[in-house]
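Chemist: Dropping the structure in here first, questions after.
Where a number appears in this text, it was derived from the coordinates with a stated rule and is not lab data. It should be emphasised that the depicted structure is a prediction, and the values quoted were computed from it without experimental measurement. FYI the Cβ positions are ideal-geometry reconstructions off the backbone, even for glycines, and counts take in every protein chain you see.
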Amino acid sequence: MIAIIDYGAGNIFSVKNALDYLGFENKLTDKKGDLEKADALILPGVGAFPWAMNMLKLSGLTDVIKEQAQFKPFLGICLGMQLLFEKSYEFEECKGLGLIGGYVDKINEPELVIPHMGWNKLVYNHGCPLFNGLGDEEYVYFVHSYKAFCDNKNLYAYCEYGSKVPAVVSDGKYVFGCQFHPEKSGKTGLAILENFVKMTGEVK
Amino acid sequence: MLAKRIIPCLDVRDGKVVKGVNFEGIKEVGDPVECAYEYNLQGADEIVFYDITASHENRGVILDVVRETAKKVFVPLTVGGGIKSVDDMRNTLRAGADKVSVNSQAVQNPQLIKEGADIFGCQCICVGVDAKKVGDNKWTVYINGGRVDMKIDLIDWVKKCEQLGAGEICLNSIDTDGVRGGFDLPMLKAVCSAVKIPVIASGGAGKLSDFAEAFLETDCSAALAASLFHFKELTVQQVKDDCRSKGIIVR
């Protein structure tokens, strides 16, 4: 079972719809026990960083998330990816989950349209099981105004928007993050979600 | 590089897809969920549902359509028509929409844009603008499906929308809508240079080359069309192939 962590953040149903469509058992949950039982965890999220961290704290799930992410596949999506980092400067300096080294700050491109909204091409930086079966020209759907700043070793794919925008990050073990929305990225996004679920080893 | 988006729009009335000419002479053309799925297969970058009966009694119909579509279409969905409060926005987003589009209601109550953006984020709030030419490089904003001239200057209005937190402007030209002679390029240029947020070109697409023309001649981020795609005169893929052959980046 894949646990989709429900801490009050927006549009979690689209992640559920995508997993249902792919035929993977899943559950929207805010229960510690479900997170412990799950084969993999997904942390979705739309909204502001300090608000989301606060909601996570109020749900009492931060400790169990940090613990479970050490030994089972964990995927943060969009704001859920940004929450994986040590801190963010959205509105105010705010501590994140600290599962991957680095921070989150505004996309500073005065010449470009912000938010970075629409389909952009993935540029692969390191190999990653999430990319199994993908081609060279894969577009995915982004909507965000803040981006991650992290070491090259944690940057698995990026896209070009003025400068490099981290698209897929990982700690090299179980923790993964997608800045884009795989659940809204057509066939490419569904393939990435399927690759993620297959990491559990539970799915044929 | 960000790809230019091609967006089919489904005008929905009583649960059926329709398309009018200059907002008049409405004609039914099919099941919205099936249409959305077909566009998804053709490579649509986003799908817009516009609830033209809107406002009151039919709100539930469009939410059911969105709910069913969201189960099998995995590209962003935008819903417009009759959204007049933060509660309407919340219900629409919870049904599976990724963005809501506000139009007349935002003109009458601009704070709606700010309230929505503050709660759901700018990326959720698309402001639909219907405008008509009144002079050289001058347009005014209309409401109620292009029926009422609000005598508000278009450029002043889009700047205000951006300032209030709109994430995107969907710009519909009443002069070119349904005429099929191409998008309203002067109006698009004027709006694209007035705001930094993405602008969607709407109204007037009549042939394959109209899309590439809008992308080559203006800075618009996306182009939207309804009837061309509904009546199967063009597929989304044909439009993209034409754009690609002209050096425009599309997915």
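Chemist: For each pair in A:Lys32/A:Lys66; A:Lys37/B:Lys71; A:Lys147/B:Lys160, compute the distance between the two Cα atoms and list the pairs where it is over 19 Å.
Modeler: Checking Cα-Cα distances, A:Lys37/B:Lys71; A:Lys147/B:Lys160 exceed 19 Å.
Chemist: In the neighborhood of A:Lys32, defined by Cβ-to-Cβ distances under 15 Å, what is the net charge if each Lys or Arg adds +1 and each Asp or Glu adds -1?
Modeler: Surrounding charge for A:Lys32 is 0.
Chemist: Would you mind checking which residues have amide H under 5 Å from A:Asn125's amide H? H placed 1.01 Å from N; only 5 or more apart, or other chain.
Modeler: So A:Asn125 has HN proximity to A:Ala157, A:Tyr158.
Chemist: Past the 20 Å Cα-Cα mark, which pairs from B:Lys99/B:Lys138; B:Lys133/B:Lys159; A:Lys27/A:Lys72; B:Lys99/B:Lys151?
Modeler: Pairs exceeding the cut-off: B:Lys99/B:Lys138; B:Lys99/B:Lys151.
Chemist: Moving on. Could you give each residue of segment A:171-188 its phi-based ³J(HN,Hα) in whole Hz, using Karplus coefficients 6.51, -1.76, 1.60 with θ = phi - 60°, and x for Gly or Pro?
Modeler: 7, x, 10, 9, 8, 10, x, 10, 6, 7, 9, x, 6, 10, 10, x, 4, 4
Chemist: For B:Cys170, what residues show an amide H to amide H distance below 5 Å, using hydrogens built from the backbone and excluding near sequence neighbours?
Modeler: B:Val127, B:Gly128, B:Val129, B:Ile200
Chemist: Something else about it: Need one word for segment A:77-142: rounded, prolate or oblate. Basis is the Cα gyration tensor (sqrt eigenvalues a ≥ b ≥ c); a/c below 1.5 gives rounded, then a/b vs b/c decides.
Modeler: Here segment A:77-142 falls in the oblate category.
Chemist: Hey, another quick one. What Kirkwood hydrodynamic radius, in Å, does segment A:113-167 give when the mean of 1/r is taken over all pairs of distinct Cα atoms and then inverted?
Modeler: 11.9 Å
Chemist: Taking the alpha-carbon set of chain A, what are its Rg and Dmax in Å?
Modeler: Rg and Dmax of chain A, Cα atoms, are 15.5, 48 Å.
Chemist: Within 10 Å of each Cβ in B:43-49, how many Cβ atoms from other chains are there, averaged over the peptide?
Modeler: Per-residue shielding by partner chains comes out at 2.
Chemist: How far apart, in nm, are two points set 7 Å out from the Cα along the Cα-to-Cβ line at B:Glu34 and at A:Asn132?
Modeler: 3.7 nm
Chemist: Something else now. Would you pull out the residues with amide H under 5 Å of B:Asp11's amide H, same chain only if 5 or more places away, H placed 1.01 Å from N?
Modeler: When sequence neighbours closer than 5 places are left aside, the close amide H contacts are B:Val18, B:Tyr50.
Chemist: Additional query: Starting from segment A:8-72, pick out the chymotrypsin sites (Phe, Trp or Tyr not before Pro) whose DSSP state is loop and whose Cβ has at most 10 other Cβ atoms within 10 Å.
Modeler: In loop regions of segment A:8-72 (DSSP not H, G, I, E or B), the sparsely surrounded chymotrypsin sites (Phe, Trp or Tyr not before Pro) are A:Phe71.
Chemist: Where both partners of a DSSP beta bridge lie in chain B, what percent of those bridges are antiparallel, to the nearest 5?
Modeler: 35 percent
Chemist: Would you calculate a helix-derived [θ] at 222 nm for the protein assembly as shown, using -39,500 (n - 2.57) for each DSSP H run of n ≥ 4 and dividing by the full residue count, to the nearest 500?
Modeler: For the protein assembly as shown, the value works out to -9000 deg cm²/dmol.
Chemist: So what does the Cα-only Debye profile of segment B:87-218 read at q = 0.10, 0.12 Å⁻¹, as log10 I(q)/I(0), no solvent term?
Modeler: Each listed q maps to, in turn, -0.31, -0.44.
Chemist: Spelling out what I want: for every residue of segment B:3-18, take phi, set θ = phi - 60°, compute 6.51 cos²θ - 1.76 cosθ + 1.60 (Karplus), and round to whole Hz; glycine and proline get x.
Modeler: Each residue of segment B:3-18 in turn: 7, 6, 9, 10, 10, x, 10, 10, 7, 10, 10, 6, x, 10, 7, 9 Hz.
Chemist: Pick from B:Ser193, B:Ser227, B:Ser101: which residue has the top mean-square fluctuation in a GNM of chain B where Cα pairs under 10 Å get a spring?
Modeler: B:Ser193
Chemist: Let me ask you something else. Would you look at the GNM of chain A, springs on alpha carbons closer than 10 Å, and say which of A:Asp63, A:Asp30, A:Asp105 moves the most?
Modeler: Ranking A:Asp63, A:Asp30, A:Asp105 by mean-square fluctuation puts A:Asp63 first.
Chemist: Another question, if that's okay. If you build the convex hull over the alpha carbons only and average its shadow over all orientations, what do you get for segment A:31-100? Give it in nm² to one decimal.
Modeler: 4.2 nm²
Chemist: Find out how many positive minus negative residues lie around A:Ile192, taking Lys and Arg as positive, Asp and Glu as negative, among other residues whose Cβ is under 13 Å from that of A:Ile192.
Modeler: Spelling it out: positives minus negatives among the neighbours equals 0.
Chemist: Quick check on segment A:1-72: take the gyration tensor over C-alpha atoms, sort the square-rooted eigenvalues as a ≥ b ≥ c, and tell me if it's rounded (a/c under 1.5), prolate or oblate.
Modeler: oblate
Chemist: In whole Hz and in residue order, list the ³J(HN,Hα) couplings for segment B:95-101 that follow from phi through the Karplus curve 6.51 cos²θ - 1.76 cosθ + 1.60, θ = phi - 60°; x for Gly and Pro.
Modeler: Karplus values, whole Hz, x for Gly and Pro: 6, x, 6, 9, 9, 10, 10.
Chemist: Within chain B, which whole H helices from DSSP have a Cα span along their axis of at least 24 Å and a mean Kyte-Doolittle hydropathy of 0.0 or more, if any?
Modeler: none
Chemist: Now, a different point. If you take the square roots of the eigenvalues of the alpha-carbon gyration tensor of chain B and sort them as a ≥ b ≥ c, do you get rounded (a/c under 1.5), prolate (a/b over b/c) or oblate?
Modeler: Judged from the Cα gyration tensor, chain B comes out rounded (a/c under 1.5).
Chemist: Any chance you could list the semi-axes, whole Å, largest first, of the equivalent ellipsoid that the Cα gyration tensor gives for segment B:170-251, using √(5λ)?
Modeler: 19, 16, 10
Chemist: Something else now. So in chain A, what percent of DSSP beta bridges are antiparallel if you round to the nearest 5?
Modeler: 60 percent
Chemist: If eta is 1.306 mPa s and T is 10 °C, what Stokes-Einstein diffusion coefficient results for the protein assembly as shown, Kirkwood Rh from Cα pairs, in µm²/s?
Modeler: 72 µm²/s
Chemist: Nearest 5 percent is fine: what portion of the DSSP beta bridges confined to the protein assembly as shown is antiparallel?
Modeler: Of the beta bridges lying entirely in the protein assembly as shown, close to 45 percent run antiparallel.
Chemist: Mean-square fluctuation check for chain A, GNM, Cα pairs under 10 Å: which of A:Ala48, A:Ala18, A:Ala40 is largest?
Modeler: A:Ala48
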